[in-house]
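Novice: Sharing a structure, written as structure tokens. Questions coming.
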Amino acid sequence: MSKSNKLTAWIFAALILGVLVGAMLNAKYPASAAKSYEAAIADVTTALENEESQGTLKQQLQGISADSTLAVKERWEQIAAAITSEKKKTAFAERAAKAASREEVMNPTLKSILEIISIFTDIFLRLIKMIIAPLVFSTLVVGVAKLGDLKAVGRIGGKTMLWFISASFVSLLLGCLLVNIFKPGLMMNLEPPSALLDSGVDKGSMTLKGFITHIIPSSVVESMATNEILQIVVFSLLFGVATAAIGVKGEPIIKALDSVGHVMLKVTSMVMYVAPFAVFAAMTSVVAKKGLGVLGTYAIFIGEFYAGLILLWLILIAVGYLLIKKRIVTLFGRLKEALLLAFSTASSEAAYPKMMEELERFGCNNRIVSFTLPLGYSFNLDGSMMYMTFASLFIAQSYGIDMSIGDQMLMLLTLMVTSKGIAGVPRASLVVIAGTLATFGIPEAGLLLLLGVDHVLDMGRSATNVVGNAIATVAVSKWEKSLKD
């Protein structure tokens, strides 16, 4: 067995072992239920008694909590409404959010165990992040400099963006079609959270100004320190074009950065030995926290979403087959480690260095790989695209909001634009969804329905993002007639 196959086997074994150990820990240290509405109302009453003065708000809340004619949940929702109307971020508002979301409280012993286990995942992801900035910069500068002129950069960039826009549209449209066919928001009969609650997802970056200023780095050092891939790409493109423009004087820089790129790929192969431990830790943590039971509660939604991902994979594979015929099988054989890493860690970023290395071994031109792949991580997240329309319309269905075909198409076009400005934002898909829900008058609190299983969904999204970017890179290489056999 080759070293590559051995590593893949170890990663797969770690994934299975992590699920088993996580299930055992979850059974041994079960989570306790969050406070009920009754207990939360009692907490609010106690808090009111301890406050010296809350003015009108205090009187209003005391009146609601003392009104025995109201049902418990109705009484609580009125308390939450009073707090929201006063725009007071007090202890009462925090209690309102915790009570209505009905989250489970993790066992303290389990929390301590998982903190120790998660060290392996944290170390691996830090090592990967350590590699990405110098790898993207060195390979992209060398690739652009070797292209020689702005005309070649523009030609390849145009083909790349054409693929990205087309793939994004197909992914968003597929999510829209599937959620209309399956109707998970109606079939699951979930009780939606109060529309007055805050989802806790920050959507502050969802503005045109935020998108434009995010693209242009104020400091390349800061961009590299925070792994802002899109900003690094912009600086690298300018640096590469300038290096090519000065001719002979730029050749030493190109040679030096070419060597840096090869060194970083060697570092990647060294870091990969930590991958099985990281995968084990990540899977153990997820299953121990959520338990296998969460798959039962949300089985319909998870099953239908993953069925959609499989259909998206089939579409991408079919397009790949049209381009490279039977070599598509070889491509997936090379991507197996990257796919396992992205799936088990729920991070497309974790697969980036390995993916770059394997695409070059497959036969893609290193200039195309170093140009297309970093852009893909900002503009071509196919799995995340499909999730955005799927989740947004699922939440609308859960609240009984009937959106017309026109509104759904408008939402799709809105997501086509807003989703391109979220590179580097934590929980990027949720950030975009939160902004979209607010735009179309859908309660943002509906995100609380998905937060509990978002990690499970993110695993599939991340693996799909890897597939989409790999086939995009192969397609551009094929169009440029630089794909080697």
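Novice: Rounded to whole Å, give me the distance from the Cα center of the range 107-141 to that of the range 258-274.
Specialist: Using only Cα atoms to place each centre, the spacing works out to 16 Å.
Novice: Additional query: In the range 295-368, which trypsin sites (Lys or Arg not before Pro) are in a loop and have at most 10 other Cβ atoms within 10 Å, using DSSP for the loop call? Walk me through the numbers on the way to the answer.
Specialist: Numbers: sites: 325, 326, 327, 334, 336, 354, 361, 367; in loops: 325, 326.
Taking the range 295-368 and a limit of 10 other Cβ atoms within 10 Å, the loop trypsin sites (Lys or Arg not before Pro) found are 325, 326.
Novice: Quote to one decimal, in nm, the extra length available between residue 17 and residue 267 on full extension: 0.36 nm per residue of separation minus the C-alpha distance between them.
Specialist: 87.3 nm
Novice: Continuing with the same structure: Take residue 238, project a point 7 Å from its Cα along the Cβ direction, then tell me which residues of the range 355-388 have their backbone nitrogen under 18 Å from it.
Specialist: In the range 355-388, the label zone of residue 238 (backbone N under 18 Å from the point 7 Å along Cα→Cβ) covers 375.
Novice: Per-residue HN-Hα couplings for the range 135-146, Karplus 6.51 cos²θ - 1.76 cosθ + 1.60 at θ = phi - 60°, whole Hz, x for Gly and Pro?
Specialist: 5, 4, 4, 5, 5, 6, 4, 4, x, 5, 4, 6
Novice: Further, regarding this structure: In nm, give the distance between the simple-model label positions of residue 480 and residue 402, each being 7 Å from the Cα along the Cα-to-Cβ direction.
Specialist: 5.1 nm
Novice: Given a Förster radius of 41 Å and the C-beta distance between residue 455 and residue 255 as r, what FRET efficiency does 1/(1 + (r/R0)^6) yield to the nearest 0.05?
Specialist: Rounded to the nearest 0.05, the efficiency is 0.40.
Novice: Something else now. Quick check on the exposure proxy: order 283, 187 from fewest to most C-beta atoms within 10 angstrom. Walk me through the numbers before you get to the answer.
Specialist: Working: 283 24, 187 12.
Ranking 283, 187 by Cβ neighbours within 10 Å, fewest first, gives 187, 283.
Novice: Find how much the distance from residue 109 to residue 248 grows on full extension, using 0.36 nm per residue of separation minus their present alpha carbon separation; answer in nm with one decimal. Walk me through the numbers before you get to the answer.
Specialist: Working: separation 139, 0.36 × 139 = 50.04 nm, distance 6.32 nm.
Answer, rounded to one decimal: 43.7 nm.
Novice: Please report 136, 319 as a ranked list, fewest other C-beta atoms within 10 angstrom at the top and most at the bottom.
Specialist: Lowest to highest Cβ neighbour count: 319, 136.
Coordinate-derived values only; no laboratory data. Small disclaimer: the values here were computed from a predicted structure and weren't measured. We place every Cβ from the backbone using ideal geometry, glycine too, and count neighbours over all the protein chains shown.
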